[in-house]
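Trainee: I am attaching a structure below and will ask some questions about it afterwards.
The values are calculated or read from the model by the stated rules, or taken from the named source; none is laboratory data. All values reported here derive from a predicted model rather than from experimental measurement. When we count neighbours, we look across all protein chains shown, and the Cβ atoms used for this are built from the backbone with ideal geometry, even at glycine.
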Number of protein chains: 2
Amino acid sequence: MEIISADELESIHEASLDLLERIGINFLLPEARDILAAAGADVEKDGMRVRFDRELVMSHIARIPSEFTLHARNPEHSLIFGGNTINFSAVGSPPNWSDLTSGRQPGTYDAYCDFLRLTQSTNIAQLVAGHCVEPMNIETPVRHLDATMAMIELTDKIFRIYSLGRQRTLDVLAMVRILFGINESELADKARVFTMINSNSPLQYDIPMLWGMIELARCKQPVMITPFTLAGAMAPVTLAGALNLQNAEALAGLAFVQMVGPGTPMMYGGFTSNVDMKSGSPAFGTPEYVKATLIGGQLARRYGVPYRSSNVNASNAPDAQATYESQMSIWASVLAHANFVHHGLGWLEGGLCASFEKFIIDAEMLQGMAEVLRPVSVTAADLAVDAIEAVGPGGHFFGSPHTMERYETAFYQPMLSDWRNFESWQENGALDATQRAHRIYRQLLKSYEQPPLDAAIKEELDTFIARRKQEGGAPMQ
Amino acid sequence: MEIISADELESIHEASLDLLERIGINFLLPEARDILAAAGADVEKDGMRVRFDRELVMSHIARIPSEFTLHARNPEHSLIFGGNTINFSAVGSPPNWSDLTSGRQPGTYDAYCDFLRLTQSTNIAQLVAGHCVEPMNIETPVRHLDATMAMIELTDKIFRIYSLGRQRTLDVLAMVRILFGINESELADKARVFTMINSNSPLQYDIPMLWGMIELARCKQPVMITPFTLAGAMAPVTLAGALNLQNAEALAGLAFVQMVGPGTPMMYGGFTSNVDMKSGSPAFGTPEYVKATLIGGQLARRYGVPYRSSNVNASNAPDAQATYESQMSIWASVLAHANFVHHGLGWLEGGLCASFEKFIIDAEMLQGMAEVLRPVSVTAADLAVDAIEAVGPGGHFFGSPHTMERYETAFYQPMLSDWRNFESWQENGALDATQRAHRIYRQLLKSYEQPPLDAAIKEELDTFIARRKQEGGAPMQ
């Protein structure tokens, strides 16, 4: 779906290249500036600003694969990013969690593990794109070790490395090698883990993010670049201006990673939204977010790079607002041809809270959307002319052979929606969808089964973690 | 958006014409069969079945205007149906109403009037497409008189005639003539009122509906044909089969009306959904509903007839389920290029209940969608290159001149969404969106202003109603 014309798209593209050429981007890490200078970018003497010729940018962007596969430890959970695929991840990084009985609580390791169990148990939660809630009760120098081990043990799906300093990145890469039983050079053969990079809008990349980009590019693991360009705050108040800035930052990040590791799989991320001009709070799932997501998709296709979007909302409760803002985000993502929808399940409160009930509401919405994307069959048997003739005027199709042969699989069966009549629903406690979601998540946790992990691998990982903890873990940068 | 190929669309078209040619449709009204026979249809001797040559059907369909204007008594509320327009109506015909404080109650005249007041006060509620809730406490022979008078007095928007028997239709047409100060022949000059026709699927049109079609076609007032083809119940369990039946019934109804009044404005209505195969309850806003709505749009475009869809859900509460099912319906309607979305505001419980809170939730969702449909501006000023240069890396745009010149109108301002942070939201009572919707609807009713109505017209309408009541009102058929 193209909501701006090819000419308008080109004018954003040209304006972004102009920004990169004339104004440039601050790269805060000296090692990154050295790489950029060696590749031919114009690095400011005694400064952090880097300017890019448009040919330099575009020649590096051209090296990005249009499609790649991320390999999970369980091959059934490996995923293709690019082309006509769309993948959904659980929410990443909220500092709080909530459910109907506990209310809103600071993130803990236990809550984090429960979200991982739900992710493992839910088909449409296809990967773990970060800490579903931050395990705040684990000290930061060692949090990445325990949190990664939980992702590995409680799920067998793809997971993410946070770019929060070089040592943390190296530690998790070491754990990935242990998990897959491979050495450093073998790591680059296949994509097995990924990172997500936010520029510090406007026009900056900070040191931890740059180390993440460098270390993952060195071993050819996928890097997703997502400028967080909030129109009216870190970006211009106009949608075209915010997208111009998003695009300039994204192109710089994409090109930089290709300078480090040519051919490294990447994604173009769009996260442009608007602020509430009254309070300054970020808003999500707004009409502006829908349009920015659609235009972001047009830009990603312009560059032939897989596209990442998000399922987001700004509601403080898992209510109607959370739901309609999420639906706006989901439809925008699908219509934008996004290949990866981050925060697919559980995001609330503009990302400040992971909600267990919202996780289930999202699962239902995403399963429904997946069903929408399944093609309609229009064979002669489907057209049912004989069945209609047999039933005739004023009849009904409940017991007809055409129905009986198909009814068990004819329609999408929801997990959360309650279609009983009002009286039956009332007799069963008149639970609204959020209350039913609470019951469903509790039940899913009860029936959770931990995926098997080879005992030798687990031992090696435990030994590695124990050693790294003894060494004091990792600093932030 | 075309989700089935041109060939697949043609195969539905051909199968429908085959149904009409070989199997035919029952027309229960003798006068209708006489009209059909005179127009060249094959009417069964001593029976109700009518079969149609495909050329006969298509030659009549070709007479339907691709676009028409419905004139409201306030010209500002006149609406165009067709082309790129999309119009939303309040919910029609539920027997119950609900709000958070009263729960679910049988429909009353007072509740009906409150919904009319909300419709008048809400911009995105563009027309009154029936009784927002049935005024069950008014006796049926005179209900159409009082209910129509309420639509006329409490709103100055377009309203609907129910096809519930010939005399009722004629009574309301008489009221329309009084309202606009016109005689019978002048009525046919412009479209000023409309009716909606449901076939009795499968393959039947009943007597009250046929009288409505005949009387409105005689004075060239718009007729919307909407087969209610529930896959697995009154229609085949396959989507293609249900759409085949929908299309056959719609084509028969469209052609019949054109036989009575060539050039009468019409709409092609799609209402195909699926039943819950466990309970037999109808389901709405499902993935199947989305696909049926999209394909219905393809069919309407195939015939060059404006398209009607609906904003529907099957939830028993104005909760997350009501919201995501509605969003599925709204997005499907927009992507199907619907010109009219019936039940746009307030529908709950598969149409059995009108919810005041849902009315407000829907208003927010539809306003947001209208904003999505507004084009994005991509001028040089919008691209904001100078503003980005002035702010520079690491700055912010809050106080920049580019922002200050635009911030008041830059973004969609929601009515219901609360974007404050969690702490502010909690201090203000932690109201969820449905609770806030309750407050908003109460406030809208308080600030409602009745539109002026010429005293002489009001007196003439009152006199007409008094006379018709004295005469005993109207029978059902």
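Let's see how each residue does on (1) under 16 Å from B:V305 (Cβ atoms); (2) outside any strand (DSSP E or B); (3) under 21 Å from the mean Cα position of the chain (by Cα); (4) in contact (Cβ under 8 Å) with a residue 40 or more places away in the chain:
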position	(1), (2), (3), (4)
B:L179	no, yes, no, yes
B:S185	no, yes, no, no
B:D189	no, yes, no, no
B:W211	no, yes, yes, yes
B:F228	no, yes, yes, yes
B:L243	yes, yes, yes, yes
B:A252	yes, yes, yes, yes
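Trainee: Take B:Y407 and tell me if it is out of contact with any helix residue (DSSP H, G or I) (no Cβ under 9 Å at 6 or more places or on another chain) and of a type in the set (F, W, Y).
Mentor: For B:Y407, the condition - out of contact with any helix residue (DSSP H, G or I) (no Cβ under 9 Å at 6 or more places or on another chain) and of a type in the set (F, W, Y) - is met.
Trainee: Which condition number in (1) out of contact with any Asp or Glu (no Cβ under 9 Å at 6 or more places or on another chain); (2) assigned to a loop (DSSP other than H, G, I, E, B); (3) buried (at least 24 other Cβ atoms within 10 Å of the Cβ) is the one that B:K278 fails?
Mentor: (3)
Trainee: So, in the range B:329-359, how many residues would count as being within 18 Å of B:N96 (Cβ to Cβ) and out of contact with any His (no Cβ under 8 Å at 6 or more places or on another chain)?
Mentor: The qualifying residues number 13.
Trainee: Return only the number of the condition from (1) in contact with a strand residue (DSSP E or B) (Cβ under 7 Å, 6 or more places away or on another chain); (2) within 14 Å of chain A (Cβ to nearest Cβ) that B:L100 does not satisfy.
Mentor: So B:L100 meets the others, but not (1).
Trainee: While we're looking at this one, here's another question. Of the residues in the range B:284-330, how many are in a loop (DSSP other than H, G, I, E, B), among the small types (G, A, S), in contact with a Ser or Thr (Cβ under 6 Å, 6 or more places away or on another chain) and buried (at least 24 other Cβ atoms within 10 Å of the Cβ)?
Mentor: Residues meeting the conditions: 1.
Trainee: What is the residue count in the range A:151-186 for residues that are farther than 25 Å from A:F88 by Cβ, of a type in the set (K, R) and in contact with a Leu (Cβ under 8 Å, 6 or more places away or on another chain)?
Mentor: 1
Trainee: Could you please let me know if A:T434 is surrounded by 14 or more Cβ atoms within 10 Å (Cβ to Cβ), within 10 Å of another protein chain (Cβ to nearest Cβ) and either touching a Leu at 6+ places or on another chain (Cβ under 7 Å) or modelled with pLDDT of 95 or more (or both)?
Mentor: yes
Trainee: Can I ask one more? Within the range A:58-79, how many residues are loosely packed, with under 14 Cβ neighbours inside 10 Å and charged (D, E, K, R)?
Mentor: Number of matching residues: 1.
Trainee: Only one of A:M136, A:M151, A:M234 is aliphatic (A, V, I, L, M) and under 19 Å from the mean Cα position of the chain (by Cα); which?
Mentor: A:M151
Trainee: While we're looking at this one, here's another question. Is there any pair with a first residue in the range B:1-28 that is at negative phi and more than 9 Å from chain A (Cβ to nearest Cβ) and a second that is part of a loop (DSSP other than H, G, I, E, B) and surrounded by fewer than 23 Cβ atoms within 10 Å (Cβ to Cβ) whose Cβ atoms are under 8 Å apart and which are 6 or more apart or on different chains, and what are they?
Mentor: Final answer for the pair search is B:E21/B:D53; B:F27/B:M48; B:L28/B:M48; B:L28/B:D206.
Trainee: Check whether at least one residue in the range B:442-457 is outside any helix (DSSP H, G or I), in contact with a Pro (Cβ under 7 Å, 6 or more places away or on another chain) and surrounded by 14 or more Cβ atoms within 10 Å (Cβ to Cβ), and report yes or no.
Mentor: no
Trainee: Counting residues that are within 25 Å of the chain's Cα centre (by Cα), within 7 Å of chain B (Cβ to nearest Cβ) and not charged (D, E, K, R), which helices (runs of 4 or more DSSP H) fully inside the range A:342-430 reach at least 2?
Mentor: In the range A:342-430, the matching helices (runs of 4 or more DSSP H) lie at A:356-372.
Trainee: With the requirement that a residue be closer than 30 Å to B:S66 by Cβ and of a type in the set (V, I, T), what does the range B:339-360 give you?
Mentor: Within the range B:339-360, just B:V341 meets the criteria.
Trainee: From the list B:N339, B:N311, B:N316, exactly one residue is modelled with pLDDT of 95 or more, over 18 Å from the mean Cα position of the chain (by Cα) and closer than 23 Å to B:A129 by Cα. Which is it?
Mentor: After applying the criteria, what remains is B:N316.
Trainee: Go through A:H131, A:H71, A:H60, A:H77 for me and flag whichever is more than 29 Å from A:L179 (Cα to Cα), away from chain B (no Cβ under 14 Å), of a type outside the set (K, R) and touching a residue at least 24 places away in the same chain (Cβ under 8 Å).
Mentor: A:H60
Trainee: Let me ask something additional. Looking at B:Y448, B:Y441, B:Y412, can you tell me which residue is aromatic (F, W, Y), in contact with an Asp or Glu (Cβ under 8 Å, 6 or more places away or on another chain) and farther than 30 Å from A:N96 by Cα?
Mentor: B:Y441
Trainee: If you don't mind, another one. Which residues, counting only those in the range B:222-251, are within 10 Å of another protein chain (Cβ to nearest Cβ) and aliphatic (A, V, I, L, M)?
Mentor: Passing the criteria: B:L230, B:A231, B:A233, B:M234, B:A235, B:V237, B:L239, B:A240, B:A242, B:L243, B:L245, B:A248.
Trainee: While we're on this one: Being of a type outside the set (F, W, Y), out of contact with any strand residue (DSSP E or B) (no Cβ under 9 Å at 6 or more places or on another chain) and within 14 Å of chain A (Cβ to nearest Cβ) narrows it down to one residue among B:M277, B:M259; which is it?
Mentor: B:M277
Trainee: Related question: Might you check whether a residue that is over 27 Å from A:F159 (Cα atoms), within 14 Å of another protein chain (Cβ to nearest Cβ), among the small types (G, A, S) and surrounded by 18 or more Cβ atoms within 10 Å (Cβ to Cβ) occurs anywhere in the range A:35-57?
Mentor: no
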